[in-house]
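*Asks:* The structure under discussion is supplied below as structure tokens; questions concerning it will follow.
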Amino acid sequence: MAASWQRLADAVGCVGIGANRVRIDPGRLSTPPHSHGASEEIVFVLGGSGLSWQDEQVYELRPGDCIVHLADHEEHTLRGGPDGLEVLAFGSHVDAASLRAARDLGAHAVPNSQVESSLRDALGSQAP
């Protein structure tokens, strides 16, 4: 593994989200394969090239690509291509114990597909 991490959200005092600029060396991994439990993560490719490994499936990456990792889903990591890989990684900071306590009290999440459907209905022809 060989990557440099610029912790953007931490630098400005964010506590509920994380935002990191990550520069991954050529041929190296950003992290060990991992998943995020209760957190979600969005990765946007800024530059270079590389590979996204998700539960043993491999996808090529180039600038402009966007990856979404859902909470408690596949293990994943990134590998830098010949010129390295530069990404912005955004994620929620979720305290698993607090999430379980909220669920025990009756809280529930609304699926993203339901939110998207409601937004499309509300926006009508303006929806993408």
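Please treat every number below as a calculation from the coordinates, not as lab data. Computed from a predicted structure; not experimentally measured.
*Asks:* What are the residues whose amide H is under 5 Å from the amide H of Gly18, where those residues sit 5 or more places off or on another chain and H is modelled from the backbone?
*Replies:* Gly91, Ser92, His93
*Asks:* Right, next: Would you kindly give the portion of the calculated P(r) for the stretch 1-44 that falls above 18 Å, as a percent of all Cα pairs?
*Replies:* Working: 352 of 946 pairs.
Everything past 18 Å amounts to 37 percent.
*Asks:* Another question, if that's okay. Starting from one equal scatterer on each C-alpha and no solvent at all, send me the Debye-based log10 I(q)/I(0) for the stretch 3-94 at q = 0.25 Å⁻¹, two decimals.
*Replies:* -1.35
*Asks:* Continuing with this model, one more query. Working from the pairwise distances between different alpha carbons, so that the mean of 1/r is found and then inverted, what is the stretch 15-69's Kirkwood radius in Å?
*Replies:* 12.5 Å
*Asks:* If one computes the Cα centroid of the stretch 6-36 and of the stretch 40-55, what distance in Å separates the two points?
*Replies:* 11 Å
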